[in-house]
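For reference, the structure is listed below as structure tokens.
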Amino acid sequence: MMDFDQLFVTRNWVGKPVRRNEDVRFVKGEGRYVDDLAMDCAQVAILRSIFAHARVKRIDVSRAAAMKGVLAVVTGPEVAGQTKPIAPRAITKPATQFVMASEKVRYVGEPIAAVVAEDRYLAEDALDLIDVDYEPLPAVVRIEDALRADAPLLFDEAASNVLLDDTLEHGDIKRAYQEADLVIKEKFHVHRYSSTPLENWAMIARHDKASDSFVVWANDQQPGRSVVNVCNTLQIPTNRFRLIVPDSGGGFGIKLAIWPYMVILCLLAKKVNKPVKWIQTRREHLLGGTHAPDCQVELELPMKKDGTILGLSMKDYENDGSFVHTAGIYGLIKFATLVGCYNIKATRAQMLSIATNKGPTVQNRGVGKPTMIFVLERAMDIAAKQLGLDPAEIRFRNFVQPEQMPYTTPSGEIYESGNYPECLRKALALSHYEELKKQQAEMRKQGRYLGIGISAGIEPGTSNLGYYYTSRGIPEYTGNAEGAIVGIDYDGNANVIVGSVDTGQGHATTIAQVVSDMLGISPERVSVDNQLDSLISPFLGHSGAYSNKFNDVDLGAVIRATEKIRNKMLTIAAHALQSDVADLKLNNGTIYSAKDNSKKVSFREIAALAYKKILYLPEGLEPGLKEIAYYKNPMAKLPNKENFNVQLTHSNSVHVVAVEVDVETGEIAFRKYVIVHDCGNQVNPAIVDGMTIGSTVHGIGGVLLEEFVYDEDGQLLTTTFMDYMKPVAAGLPQFELGHMYSPCPYTLLGTKSAGEGGAIGSLAAVANAVEDALSPFGVKVTSLPLSPEKVVRAIRETKVI
Amino acid sequence: MHRIKVTINGKEYEQEVEPRLLLVHFIREKARLTGTHVGCDTGNCGACTILFNGKLIKSCLTLAVQANHAQITTIEGLAANGLHPVQDAFLEKFGLQCGYCTPGMILNACYLLQSNPQPSEAEIREALEGNLCMCTGYQHIIDAIRYAAERMKQSGTVQL
């Protein structure tokens, strides 16, 4: 962390709830989302498989191609003939898949042909005229179906539906079992859900004949990787592909892998002499755009009678569906939170990535860590019950202590800072925990079932992107970094371009706060262009909005570039004022001499020297005022099975929840929801609060409402928001927030991850509360979602949810 | 094809449209008012919320031909100059993140405050039932609507 006295010349903006400068355009309806761009486009509609698993024997597009208004049609076999297969990242078995299905379809909704027409209505009409002969194959839907010896294979070349199976051991796990008084064992099941950004995927592609190059506008969340992947898949040099990302209507990970559709659009754009646009429908989005995998986790905690956990053993089966690009990462990323907040000295984790005929999976908010904290925090409550301990007490007995910071977990993850016991104490106080317990006892007498749930979680950020090569051993990406360009314009105002994108986090505001305090100007004088343009923006292969990396490496790059520009302005000012740089100060857009206030020069005058009166610049100094910097997190290790870190900052939180369960209807109503979290220093606390609450509601949606339900043939039954139910304002609690501020020593501003955290801690907190409410009925919670139907059935019959 | 005449934000649009054209597509593509968004196609998300002859409706569930002779207000028509108090309240209370649901949310809030100038938290939550926000968890949106109600009461603002 930097010395703020050195870094900032004023302290007017950083740490304050500064109004978001993005919001004026949004509240006026002047956002510039992809579908809003004023371009004359032909429209694309995509024909999708109606079977979960089938061979495609014949596709006849002749009737569609002949339809009036149709400009072009492309089919899977044609696409496969012109592109390279999708490159896998984490799986170790061979599995060949193209951006459009050619010989075989592997999920309901997989693209097999696409039409461009004069408008979308005509394009949709034309889809009805495409004739496909399928030879249906038995569908593999559930994990246990995929693992059967005689299971149909998704990928023949893999000779198995298990595309990754790796076991990593750290510490002396055998000894942990030998020394244990008891072993808590449980099998958990977490269903499929997604954060479903309100804006579906959207993109426009244009082909320029003269240069044989493409421009794509898309609401892409990781443009750095998309540029690499699209060019690689199309086999074109990078300089033939330009990607522009305007405003994006939410991401949450679900827009991290939209690039396969860019490939399809580029091929179509090349066929017609105008830009082509594809706007995903919600049904398309829910079918295949995309999901978090459902999973089964077998967890064991060898422990002492006093509640001390000696080790953790886990077998994690991830139903990764049928998208080889991201299959396998949900298991590996769990290492970022494998031991949670606890002093667990030995771990064994077996991770399996299972291919099935469900839809594609990509990184959904938290990526595997919500599940990890769910199973661990559920197991903590199960252990507490067995040992007769209060759920808070068993956690206090196992927390990593503040004096152990920075703490390295058995696998090599580094927890930088934090005070986990204090975080729980604060949350208990804020929730009036002891009062809640009294209230619970009172309500039980009246036949009402109040439950209290606690969850303590780690909320990691900044992915060390080598992690998913831990099993493959061939790093193509390692570490994490971002780029920024900071300039001073003719008027002496600052402008900033970053290599990343914004999907609603208020990056432009936050960047302006930091730059303002570094240069001593107000945020109105700092313009930040959120629109990424791969021709201009300083992106890397990692660039994008994911893993809460913004306030680490994105701001790191902005700070480094601003330092450069500040130093250059000071050099020019020192020359102009005939002073020493050491005597100069910045204030309100002016540089002045601390020794003589009358000696001063404005940013505008410095800009005039840099851009116009260049012969008055100091000898040897380059003209111009624009600086570029890249910044990488310093803590990333190379992937190595013995010692690796998956993520590079680690926030933490405690959720305390009280719910009342109606045991007749199974309905769950919130009575209290307290979140105390510690993400280090905060640049804009109002933005952090908003993301903490929003993220928690993603978790609540996953716990209570949302589920991708498949039938045994692999048909998705929840294809609208009528049956894939999202949380609405009614029924949600008023969240009470508490904050702690343990600065991260390894980020420039002492910030840690903010954004995904609530989605991680909320699953277990709610589940623990529901189990507590139902304790008079002996109900145990081992699976999600906690739908009314499952709750009632558990109370009356099964005793297990 | 049908010729329809629709007044949107005080301006008249006369066009030939297919009977199957959705009103939201008429607003976005024919009138080129892109503040009205599409989020779900099935009337569940409220991103396409507009005021139709003074009533709150979802323009993805309405055909353009049904809007013949209608008076429509979209987010672009809310404030002729500057910001409506509800828009300003969303800014002040951080009532948005990605901004995609915001036009529908704001129109819904304006409609609510017109009939119920001092709604309780529960009444606001109830009123927002048909508008989904995937980013905020609604809390800051509710704060914004309460703040707007308070400000409008103080200033005696007449909505819409």
How about the stretch A:29-132: which trypsin sites (Lys or Arg not before Pro) there lie in a loop by DSSP and see at most 16 other Cβ atoms within 10 Å? A:Arg32, A:Lys68
Quick one: pull the percentage of alpha-carbon pairs in the stretch B:19-160 with a separation above 28 Å. 14
Treating only the Cβ of Lys, Arg, Asp and Glu as charged (+1, +1, -1, -1), what charge dipole size does the stretch B:85-155 show about its Cα centre? Round to the nearest 20 debye. 100
Distant alpha-carbon pairs in the stretch A:62-181 (separation over 26 angstrom), percent: 45
Residue-normalised value, i.e. accessible area per residue, for the stretch B:85-155 at 1.4 Å probe, in Å², stands at 31
Between B:Glu121 and B:Gln66, what is the FRET efficiency for a Förster distance of 45 Å, r being their Cβ-Cβ separation, to the nearest 0.05? 0.80
log10 of Debye I(q)/I(0), alpha-carbon scatterers only, for the stretch B:2-77 at 0.12, 0.20 Å⁻¹: -0.25, -0.75
Dipole check, chain A, charges on Cβ (K,R +1; D,E -1), about Cα centroid: among A:Pro618, A:Gly702, A:Met1 the Cα furthest to the positive pole belongs to A:Pro618
Rule-of-thumb check for the stretch A:457-600: C-alpha Rg over 2.2 N^0.38 Å? 1.26
For A:Trp217, A:Trp278, give me the order by solvent-accessible area with a 1.4 Å probe, most accessible first, ignoring ligands, DNA and RNA. A:Trp217, A:Trp278
Per residue, the convex hull enclosing the Cα atoms of the stretch A:351-450 spans a volume in Å³ of 194
Report the semi-axes of the equivalent ellipsoid for the protein assembly as shown in whole Å, largest first, where each axis is √(5λ) for an eigenvalue λ of the Cα gyration tensor. 40, 37, 31
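Calculate for chain A the 222 nm mean residue ellipticity that helices alone would give, adding -39,500 (n - 2.57) per DSSP H run of length 4 or more and normalising by residue count, nearest 500 deg cm²/dmol.
-8000 deg cm²/dmol
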Within straight cross-link reach of A:Lys93, meaning Cα distance under 27 Å, which lysines are found once same-chain residues fewer than 8 apart are removed? A:Lys57, A:Lys84, A:Lys104, A:Lys187, A:Lys255, A:Lys315, A:Lys334, A:Lys358, A:Lys369, A:Lys637, A:Lys641
Divide by every residue of chain B the summed helix terms, -39500 (n - 2.57) for each DSSP H run of at least 4, and state the resulting mean residue ellipticity at 222 nm, rounded to the nearest 500 deg cm²/dmol. -9000 deg cm²/dmol
Per the charge dipole of the protein assembly as shown (beta-carbon charges, Lys/Arg positive, Asp/Glu negative, Cα centre), the residue among A:Ser102, A:Asn200, A:Ile130 reaching farthest to the positive end is A:Asn200
If you place +1 on the Cβ of every Lys and Arg and -1 on the Cβ of every Asp and Glu, how big does the dipole about the Cα centre of chain A come out, in debye to the nearest 20? 760
Lys, Arg +1 and Asp, Glu -1 on Cβ, resulting dipole of the stretch A:104-211 about Cα centre, debye, nearest 20: 360
Could you work out the Kirkwood radius for the stretch A:162-275, taking every pair of different alpha carbons, averaging 1/r and inverting it, reported in Å? 17.7
Need the C-alpha centroid separation for the stretch A:537-595 versus the stretch A:187-253, integer Å. 31
Would you pull out the residues with amide H under 5 Å of A:Asn357's amide H, same chain only if 5 or more places away, H placed 1.01 Å from N? A:Val140, A:Val141
How fast does the stretch B:85-155 diffuse by Stokes-Einstein, in µm²/s, taking the Kirkwood radius from C-alpha pairs at 10 °C and 1.306 mPa s? 136
Specify whether the C-alpha gyration tensor of the stretch A:301-379 places it in the rounded, prolate or oblate class, a ≥ b ≥ c being the square roots of the eigenvalues: rounded for a/c under 1.5, otherwise prolate if a/b is larger than b/c and oblate if not. prolate
Checking the stretch A:704-801 for GluC sites (Glu not before Pro) in a loop per DSSP with at most 13 other beta-carbon atoms within 10 Å yields A:Glu712
If you plug each phi of the stretch A:435-441 into the Karplus form 6.51 cos²θ - 1.76 cosθ + 1.60 with θ = phi - 60°, what whole-Hz ³J(HN,Hα) values come out, in order, with x for Gly and Pro? 4, 4, 5, 5, 4, 4, 5
Ordered by number, the trypsin sites (Lys or Arg not before Pro) in the stretch A:692-801 that occupy a DSSP loop and have at most 15 other Cβ atoms within 10 Å are A:Lys799
How many angstrom lie between the Cα centre of the stretch A:465-499 and the Cα centre of the stretch A:258-279? 27
For the stretch A:422-535, the charge dipole (Cβ of Lys, Arg +1; Cβ of Asp, Glu -1; about the Cα centre) points to a positive end, and the Cα of A:Tyr469, A:Gly499, A:Ser431 closest to that extreme belongs to A:Ser431
Give me the distance between the Cα centres of the stretch A:114-179 and the stretch A:14-68, rounded to whole Å. 25
Taking every DSSP beta bridge with both residues inside the protein assembly as shown, roughly what % is antiparallel (nearest 5)? 80
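The values are calculated or read from the model by the stated rules, or taken from the named source; none is laboratory data. Source: prediction; values computed, not measured. Please note: Cβ atoms are built from the backbone with ideal geometry, for glycine as well, and neighbour counts cover all protein chains shown. Please note that ligands, DNA and RNA were not included when accessible areas were found on the heavy atoms of the full protein model with its side chains. Shrake-Rupley method; radii C 1.70, N 1.55, O 1.52, S 1.80 Å.
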